[in-house]
Structures are given as C-alpha cells and as structure tokens.
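Right, one structure below, let's go through it.
Read-outs throughout are calculated quantities, based only on the coordinates presented, and are distinct from any laboratory measurement. Not measured: the values here are computed from a predicted model. Please note: Cβ atoms are built from the backbone with ideal geometry, for glycine as well, and neighbour counts cover all protein chains shown.
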Amino acid sequence: MALRNILKAGEPRLKKTSRVVTDFNDRLHQLLDDMKETLLDAGGVGLAAPQVGVLRDVILVMDTNREGLSEEEQIIELINPKIVEQSGTQTGPEGCLSVPGEYGVVTRPENVTVTAQDRYGNEFTVSGYGLTARCFCHEIDHLSGILFTELAERMLTPEELESGEE
Ligand code: ZN
C-alpha cells in the first residue's frame, strides 16, 4: 500500500466526470488499498478516486453508523455507486479533504440507499443516515466533478470555526 497525494480545489481533474469501472482487477485493488491508507492517514470520513487523480467511479465511505468497529473496519468500498433512494433532509456543516480548513452549510437527504459493486464486481445495496448519508452524497458528487463548495448555501466564517460551530 502507498499513500496517494490528495488533489486540492482548483485542480482541473476535480471538475471532470469519472468513468464506470469495468475491470475488477489487481490495479483496482491497489487503488482501493492506497485510497484506504490515504483516507485513514488524512483522518477523513470519505474519499473519491478523482481526489487522488483517478477518474473512475470509485469511492470510500466511513460508515460511522456501525458502532463497535475500528475506523478501518467502518470503511465501505463502493465501485460504480448510485443513489437509488433518498428521504428527509439535513442541513449542516460539511468539509472536504480537497478543500482543507473550510466548511460550508449544505443540505442533504437524511437517509440514502446506494447500490454499488464490491472490489470483485459483486453488486450490493447499503443504506445510511445522518453523517453517513451525507458522506455517500458528497463522495458520489465527486464522481460528477461537483465539490460541496458549489452546493453550500454559505461558508462558515473563521469566527464560527473557532467557536466550534462546525
Ligand atoms: Zn470531498
């Protein structure tokens, strides 16, 4: 495994649309292993392949709804993910490893259900609520070249960040 460099906002690859994965090969597994190590090292709750410069439909989401597991065990690998159901809304602060130190107020569904494939190509369905639902939406947006800063109704001020209102 190896750490990969996380691209920052302004990098053109973050604005591009990713392509569907069709080969569930060693190269994909290497990408997933590297992304997992990079996510854990960065201390984030999700990571999309375009953030490490790979324009493929691959995301990692840390399912914080699953308690009693280590951070590594909470990470779900999703290949070719699609949101198939959503309900409710939540409005709250959101950040991104590609936009370090900045947070914005974004409205997302409270519950989402996603279908995806695992690293071997097997299809599965997973649901999440709260932060996990927010994370599924945020990471899947990356695959369309969308950053949360484009969706935020406003960004948090330095004062709000300092007072811990994040
Ligand atoms: Zn992000």
On average over all directions, what projected area in square nanometres does the chain have, based on the convex hull of its Cα atoms? 9.5 nm²
Exposed-site-free run, longest, the chain (rule: chymotrypsin sites (Phe, Trp or Tyr not before Pro); DSSP loop; at most 15 other C-beta within 10 Å): 25-119
Among residues other than Gly145 whose Cβ falls under 15 Å from its Cβ, what is the net charge (Lys/Arg +1, Asp/Glu -1)? +1
Positive end of the charge dipole of the chain (Lys, Arg +1 and Asp, Glu -1 on Cβ, about the Cα centre): tell me which of Leu40, Val21, Thr91 has its Cα farthest that way. Val21
Whole-Å distance, taken between Cα centres, linking the range 128-166 and the range 77-109: 5 Å
Which value, in debye to the nearest 20, gives the size of the charge dipole of the range 117-156 about its Cα centre, when Lys and Arg are +1 and Asp and Glu are -1 at the Cβ? 120 debye
All other residues with a Cβ under 13 Å from the Cβ of Arg108 taken together, and with Lys, Arg as +1 and Asp, Glu as -1, what is their net charge? -4
Using Cα positions and a limit of under 13 Å, work out the aspartates and glutamates in reach of Lys16, with same-chain residues fewer than 8 apart set aside. Asp57, Asp141
Tally Lys/Arg at +1 and Asp/Glu at -1 over every other residue whose Cβ is under 10 Å from the Cβ of Ser18; what's the total? +3
Length-normalised contact order of the chain, Cα under 8 Å, at least 6 apart, in percent, tallies to 24 percent
To test your reading of the geometry: what angle, between 0 and 90 degrees and rounded to tens, separates the Cα axis of helix 131-142 from the longest principal axis of the chain? 70 degrees
